[in-house]
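Step one of this worksheet: look at the structure below.
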Amino acid sequence: MPPKWRTEPRFPDGPSPDPAGSHHERRIRSFQPRRSRVTTGQGEALKRLWGTWGLDIDGHRVLDLEELFGGLPVVLEIGFGMGEATAQMAADDPGTGILAADVHTPGQGNLLALAERGGMTNVRVANGDAIILLREMLPPDSLAGIRVYFPDPWPKARHHKRRLIQPDFLTLAATRLAPGAVLHCATDWEPYAEQMLEVLTAHPDFENTQPDGGFSPRPAFRPLTRFEGQGLDKGHLVHDLLFRRTEN
């Protein structure tokens, strides 16, 4: 029997607890759903805004991004935590649509609340597995960029296979990025950063935007997040990688 949290929606008109249940597959996932407290404000935002700005990654349809974002170029953000950085980027760049995907219900509610408070209509929140979103719900060449900021580093060697930035993911991502669009990754876990650089450099569908083939300086459009600040306080080095999808 499925766990109770996967079968009972906490918000009947909000994000589903298991949106792609009918698409269940035996695949190692790079994320784990977390059950944590949803505040009153987050819950109210989910109830009020999900029907307008939220969508479940159920794998049943291909999204019409032009309709969803009113013709704006669209960047997919995979994993946004509590959404503060996403909201800031949306406010700083209203000419770009941000399709923000995560499985963390409090973060989904928080991002919706931040977007409403700031009048940022260029944000849509997607609930579920980003692989299913990319593979089954986005048209080829439809994205102006993909952002993967501070993904779970899965530091134990036996868990490295769970890391998101792997050759198969890059092959899939390349099919959904428009030629010349950029995949932007950031991590404060140096071994993962080195693996990202190695895997991206070796992939034929991507080229490094850095002429020296190394890491990139943090671009001005990526905010310094609270999580990142905590890592810097601990002496962690943050690495950015910006790789462009090749024209072939």
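The values are calculated or read from the model by the stated rules, or taken from the named source; none is laboratory data. Note that the coordinates shown come from a computational prediction; the quantities given were computed from them, not determined experimentally. Note: ideal-geometry Cβ built from the backbone for every residue, glycine included; neighbour counts use all protein chains shown. Ligands, DNA and RNA are stripped out before the accessible areas are found, and what is left, the full protein with its side chains, is counted by its heavy atoms. Shrake-Rupley method; radii C 1.70, N 1.55, O 1.52, S 1.80 Å.
Could you look at the chain and say what percent of its accessible area is carbon and sulfur, using a 1.4 Å probe and all protein chains?
Percent of accessible area from carbon and sulfur atoms in the chain: 52.
Given contacts defined as C-alpha pairs under 8 Å and at least six residues apart, what's the relative contact order of the chain, whole-number percent?
In percent, rounded to a whole number, it is 19.
Specify whether the C-alpha gyration tensor of the chain places it in the rounded, prolate or oblate class, a ≥ b ≥ c being the square roots of the eigenvalues: rounded for a/c under 1.5, otherwise prolate if a/b is larger than b/c and oblate if not.
In terms of gyration-tensor shape, rounded.
Just to make sure I understand: if all protein chains stay in place, what is the order of Leu143, Leu72 by accessible area at 1.4 Å, largest first?
So the residues, ranked largest to smallest area, are Leu72, Leu143.
Counting Lys and Arg as +1 and Asp and Glu as -1, what is the net charge of the other residues whose Cβ lies under 13 Å from the Cβ of Pro139?
-2
What does the net charge come to around Arg222 if you take all other residues with beta carbon closer than 14 Å to its beta carbon, with K and R at +1 and D and E at -1?
-4
Just to make sure I understand: if all protein chains stay in place, what is the order of Asp58, Asp212, Asp18 by accessible area at 1.4 Å, largest first?
In descending accessible area the options line up as Asp212, Asp18, Asp58.
Hey, can you grab everything whose amide H is under 5 Å from the amide H of Glu77? Only 5+ residues off in sequence or another chain; H modelled, so Pro and N-termini drop out.
Leu99, Ala100, Ala101, Arg147
Could you work out the local net charge near His184, counting Lys and Arg as +1, Asp and Glu as -1, over the other residues with Cβ closer than 9 Å to its Cβ?
Net local charge, His184 excluded: +1.
Apply the a/c threshold of 1.5 to the C-alpha gyration tensor of segment 115-248 and tell me whether it is rounded, prolate or oblate.
rounded
In straight Cα distance, which aspartates and glutamates are under 17 Å from Lys47, not counting same-chain residues fewer than 8 positions off?
Glu8, Asp13, Asp56, Glu116
As a test, work out the antiparallel percent of DSSP beta bridges whose residues both lie in segment 134-248, rounded to the nearest 5.
60 percent
Can you give me the accessible area per residue for segment 90-232, using a 1.4 Å probe, in Å²?
Heavy-atom accessible area per residue stands at 41 Å².
Rounding to the nearest 20 debye, state how big the charge dipole of the chain is about its Cα centre with +1 on each Lys and Arg Cβ and -1 on each Asp and Glu Cβ.
Using Cβ point charges on Lys, Arg, Asp and Glu, the chain gives about 980 debye.
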